[in-house]
Amino acid sequence: MRIGMGFFLLGWLLLPSSGTAQKSARPDTLPRSVARKDTLPRLTPAQRDSIRFTNLRTKMKKRNWTGSLYDLLFRYPYNTNAQNQEVSKIEENPFKVYSGRIIRNIYVKRLDVFGPSIYDTTRVASNWFERLGNRLHHDTREQTIRRSLLLFKEGEEVNPDVLKDNERVLRQTPILHDARIFVLPVANYSHVVDILVVTQDLWSLIPDGSASGPQNFNFAVEQKNVRGMAHAWKTGIAYKGDAPYQPLEFFSRYSLPYIGRSLTTTQLYLDYLRDKKQVGARLQKDFITPEIKYAGAFEVSLVQENKFVFVNPNSDTTVRARLRYGFQDAWFGRAFKLGFRDQKLNSRTRLILAARTSGYGYLQRSNLPAGAENLFPGLRVYLGSIGYSNRNYERDVLIYGFGRTEDVPVGFLASLTWGKEKSDIGLRTYSSLRLAHGTYLGNKKGGYLYALTSVSGYLEHGHIQQGTFNIEANYFSPLMTHRRSSFRHFVTFKYTAGINRFQYEYLTLNNNDGIPGVSSNFLRGTNRAIMNLQSVFFSPFQMFGFRTAFVGFIDLGLLSFDNSHLFSNIYQGYGIGFRFRNENLTFNTFQVRLGYYPNFPGITNRLRIEGSGESVLRMPDFRVEAPDRVDLFRTSR
């Protein structure tokens, strides 16, 4: 009976409802200024293409099967006229003209998951796959949006910064694909406005798993929007019968959304994995918008894990160390306005003071190689930070997404962190300095550039210990178009140098640490330089709502220890690939890469093809977060 009730509860929480939730009764069309599609007196190349594809559509629609094929392959999700007009122009803040007016009514319009878009709400689902998805999905409840996701309410004055930041907060929530806020003037009442909030959910139910037989399988399911309440629950199991220890694995985590309008989240988690077991909880609020005065977090957990530690830096041999410890973490921050006379500078700039304490209390440390004890000390850290943050956001498309609105951070960040670490190896002083800047070049005509530099380490008897010097630069070009296709170029450069690092600490070039697609335990060092170049071609074609982008890449890496020359060998990777994604789903982007790696040690197959799921990348922000220790080094495989 208990098992039956358990499965009933699991099904009720995870499965979408059998029909869509009731939509808002307010207007189903956006303001004409947003929804209209301008026509030009002369045909552009894109318009000529449109005529060609319209003729193709007419021909293919004459038969049912060719008409269905057309609906599957063609949608032109990128850069419609309305979208171009909205996101390509430089805008100070579209809500400024309504500043100080009173909000009379707030209307919430929720779009179907498949079919329409924020920029074209008149679209409808074009095939049975999309129509079925819309019927099965449970929309986010209107009350959830009003109570937890809107930072303003009826009767308040319009604050342009709050509205613009609220748009970004809506788009960054894991349950929404896209969102826009519109101010609607009220006829004959110049001091009053209505607010229209348009949201489009992501498909929230995500199954995952694989099996090669009854002795080797895994299964997981994630519901990012439980019953339309914006709660998230992910749970899964895995079984490997021939595992030398613990064949069965299990994990579960439950997240609650923002509490009221506080932007505070809660997460509970339980992991029973082969190499890590933990149970814990976390309460967190960040400086998501400049208007937030107070932020902080509290976390507590009990952890048991196995670490595969290298026996010595020049060997591929590892030992399995066993660690068991309790972890506690708490921080609190306060943001202050600086009183600049320039209103724009004053509204987007903050001085932030924060303090943090965290600690590891080890209950067990066994099977560590001689000299590796310093890598896992029992410790208590006390940190304080002061930060200067100026940040704004500009809308753009086709950067890391496949057509959704992306908020690009523009601004400057400077932060200084200082504190004490009391551990088994003594009392040490830690400090770090971080500087970051990001901006569009030449009013977006020159692309976007982000630069970061940081230096950090411990001070021990007047000398730097476990120090890190890091420089990063990220650039992407303006969006270039040819007919109905678009493309961008991306350049990333990173340089990291270790200063008096411990014996078993190292940098690597493996996968996301440097060059995707390769993994070699022989690639270790204390100094590293990486350059990644990519050209991404966004295709106009789609199938079942999945959109494709083709990629060409060149990856170059340098790696050395302190006693060798950094430029002794340039590790290289060249290749092509494609990415496959439906922005309305919460699945990771599926990527296939064909790469050639001519000189990586320990790799016999120089030509490699691989498929993987890639999470959506986000650009670095310029907000001050919890005081933390910067460390890019690894201690185990």
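Each value in this text was obtained by applying a stated rule to the coordinates, not by laboratory testing. Note that the coordinates shown come from a computational prediction; the quantities given were computed from them, not determined experimentally. A quick note on method: Cβ atoms are made from the backbone with ideal geometry, for glycine too, and the neighbour counts reach across all protein chains shown.
Worth pointing out:
- Inter-label distance for LEU273 and THR122, nm, one decimal - labels placed 7 Å from Cα along Cα-to-Cβ: 5.0
- Per-residue extension of 0.36 nm, minus the Cα-Cα distance of ASN93 and LEU345, leaves a gain of 89.4 nm for this segment.
- Difference of contour (0.36 nm per residue) and Cα-Cα distance, LEU449 to ILE570: 41.0 nm
- The calculated FRET efficiency for LEU184 paired with ILE603, based on their beta-carbon distance and R0 = 51 Å, is about 0.25.
- Contact order, relative form, for region 134-262: 21 percent (alpha carbon pairs under 8 Å, 6 or more residues apart, mean separation divided by residue count).
- Compared with the alpha-carbon gap, the fully stretched path from TYR107 to LEU416 is longer by 106.9 nm at 0.36 nm per residue.
- Look at HIS463, HIS231, HIS138 and count the other Cβ atoms within 10 Å of each Cβ; fewest to most, that gives HIS463, HIS231, HIS138.
- Distance (nanometres) between label positions extended 7 Å along Cα→Cβ at LEU363 and LEU302: 0.5
- Region 315-460: C-alpha pair distances exceeding 17 Å, %: 74
- When the charge dipole of region 275-614 is built from unit charges on Cβ atoms (+1 for Lys and Arg, -1 for Asp and Glu) and taken about the Cα centre, the candidate among LEU533, GLN503, ALA436 whose Cα reaches farthest toward its positive end is ALA436.
- Nearby aspartates and glutamates by direct alpha-carbon distance to LYS494 (threshold 15 angstrom, same-chain neighbours under 8 apart not counted): GLU472, ASP513, ASP555, ASP631
- With one equal scatterer per alpha carbon and no solvent term, the Debye-computed log10 I(q)/I(0) for region 275-614 at 0.12, 0.15 1/Å reads -1.20, -1.54.
- For GLU156, the shell of other residues with beta-carbons less than 11 Å away shows a net charge of +1, using +1 for Lys and Arg and -1 for Asp and Glu.
- Size of electric dipole in region 275-614: Cβ of Lys, Arg +1 and of Asp, Glu -1, about Cα centre, debye, nearest 20: 760
- Cα→Cβ-extended label distance, 7 Å offset, between GLN215 and LYS293, nm: 6.4
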